[in-house]
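All remarks here apply to the structure that follows.
The values are calculated or read from the model by the stated rules, or taken from the named source; none is laboratory data. All values reported here derive from a predicted model rather than from experimental measurement. Note that we place each Cβ from the backbone using ideal geometry, even for glycine, and neighbour counts take in every protein chain shown. For the accessible areas, the whole protein counts, side chains as well, though only heavy atoms, and no ligand, DNA or RNA atoms are used. Shrake-Rupley method; radii C 1.70, N 1.55, O 1.52, S 1.80 Å.
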Amino acid sequence: MNADPFEPDDGHEGHEGCEGHDRQDRHDRQDRHGESDPCHGRTDEDVATGGALAEDAPGAVPGVPGVPGQDTGERPGERPARGGGLRIPPPRSSIEDTGRPLPDPPPLPAAPAPTPPPVLEHKVLKSLLGAWALTACSAEEAAAVELHLGSCGACADEALRLRDAVGLLHPEESLDLDPGLRSRVLTNCLDRRPPRIPVPDWAAPYDAETARLDALLKDFGNGEWHAPVRLKWYEEDRPTSRRTTVAGVIAHLLTVDGLVATTLGLEDPLPEAARALLVDSSPTARTDAYWNASRFPPTRAMRLPWREQSHTIIRTVSFAGGGSAELAVPYGEFTLPLRDSMLDRAFECWLHADDIADAVDYPYKPPAPRHLNRMIDLAARMLPGALAERRRSGLATPAKELVAAGTPGRSLRLEVEGHGGGEWLIPLDSPGAVATAEHEVAHVALDCVEFCRLAAGHVPPEDAAAGQDGDREAIRDVLSAAASLSRM
């Protein structure tokens with residue numbers, strides 16, 4: 001049997017009978033279904049091909065099967081897809097593949113002509129200079145002002161001054177400023193108008209170092225004040241250390257600076273409870289008494305009394321003048337004149353500030369070269385006395401030549417390199433002997449910061465990076481004496 005139900009069988013005879021039979025079947029379906037019959041009004045060929053009658057699809061394209069009234073895109077030789085739809089047409093070829101020239105791009109619109117700046121009066125332009133310096137003018141006003149500045153010298157000078165003033169309107173950045181900026185500004189100001197009451201030259205290092213440390217502390221948060229800090233020094237040829245916090249270091253500086261304050265007649269920062277615990281007037285004893293008398297660990301509240309005390313000391317020595325330079329400041333077993341004591345406090349302030357900066361991982365530069373030179377000079381002048389004290393304690397080799405005070409004796413040349421360095425001749429056999437180049441028996445050279453770290457007890461004498469030449473025993477004794485200058 002033929003698989004197509006709409007085509008008659010090849011072996012069927014009597015086509016007319018078949019056509020009548022089919023026509024009768026269509027009438028029967030119309031009677032049963034009425035106008036809802038989907039095959040109503042269609043021939044067998046229409047049903048087979050998916051076509052439609054003209055009356056069923058108004059606007060249809062005659063002779064073109066598919067959607068009524070639309071061109072299906074069928075080409076000659078193409079067969080419709082199954083179900084009446086057409087196959088997807090192939091993609092169109094690009095114009096670049098055809099070899100034909102590309103079309104010219106559309107022309108760009110012409111740029112508008114620049115608007116000339118408005119013409120303003122001189123007094124109006126002068127009143128706009130402040131807004132122009134702050135970049136608060138409109139584009140037209142800024143163009144008019146800049147055009148005017150090219151022809152008016154007075155307004156150009158005023159605009160330059162205003163621009164420089166605007167550059168100073170920025171938030172405080174104390175930690176990122178050049179450490180020498182403060183000194184340069186003060187020097188420039190004092191050159192123009194000398195102060196009525198100048199700060200003594202020997203007190204300037206203490207003034208500078210306390211200001212630098214205060215600038216470092218100004219930006220600390222609550223957590224950084226409790227960062228651990230280890231204080232190091234040498235005691236009887238043994239390295240000693242004490243663990244504290246940033247606030248504890250400021251408390252230590254406050255109590256030891258109190259030695260200078262009480263010498264000047266100022267109030268002692270130690271409370272009554274701490275004074276009752278004092279065993280002597282040494283810096284270590286004062287610090288221990290303050291720490292032990294405190295009910296709670298030191299906090300950031302230590303900054304204000306320490307800074308106020310340093311300001312008061314500077315004002316007091318400034319008003320006292322040069323007569324106060326020789327006042328004796330007691331340090332327990334020895335005393336220092338006030339001028340040397342102020343250098344000592346500046347030296348310790350710098351080193352403890354460096355300890356604090358290491359604890360919070362912040363870079364900290366050495367003092368100004370002229371201040372650093374004075375600190376090194378103080379340590380070099382204290383070396384003969386420290387060497388004699390070590391001999392009395394049996395910690396150094398005995399003197400090889402006994403000489404009378406004021407006469408030449410064996411000497412060591414101490415060469416400190418770098419900014420702030422210099423050369424010093426150290427008498428080896430007696431503090432009262434005169435050191436001369438003719439009696440030089442040894443030569444040692446160190447970097448200036450390395451020597452300061454040695455004198456602070458931060459570097460062991462045997463580990464000091466020093467160039468040595470001459471008597472090895474004399475060099476070892478002098479380096480050990482430098483380390484013995486340190487204290488907490």
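Among residues of the stretch 414-443 that are within 30 Å of residue 366 (Cα to Cα), those with a Cβ under 7 angstrom from a residue that is in a strand (DSSP E or B) and aromatic (Phe, Trp, Tyr), sequence gap 6+ or separate chain, pair up as 414/424.
Would you mind stating whether residue 253 is open to solvent by 30 Å² or more (accessible area, probe 1.4 Å), within 30 Å of residue 370 (Cα to Cα) and modelled with pLDDT of 90 or more? Criteria not met by residue 253. (1) open to solvent by 60 Å² or more (accessible area, probe 1.4 Å); (2) not assigned by TED's automatic domain parsing to the domain that holds residue 430: which one isn't true of residue 324, the others all being true? Condition not satisfied by residue 324: (1). Residues that are surrounded by fewer than 15 Cβ atoms within 10 Å (Cβ to Cβ) and either in a strand (DSSP E or B) or hydroxyl-bearing (Ser, Thr, Tyr) (or both) within the stretch 416-443 comprise 422, 423, 436, 437, 438, listed in sequence order.
Only one of the numbered conditions (1) under 37 Å from the mean Cα position of the chain (by Cα); (2) surrounded by 15 or more Cβ atoms within 10 Å (Cβ to Cβ) is violated by residue 301, and that is (2). Please work out if residue 388 is under 35 Å from the mean Cα position of the chain (by Cα), open to solvent by less than 20 Å² (accessible area, probe 1.4 Å) and at pLDDT 90 or above. So residue 388 fails the test.
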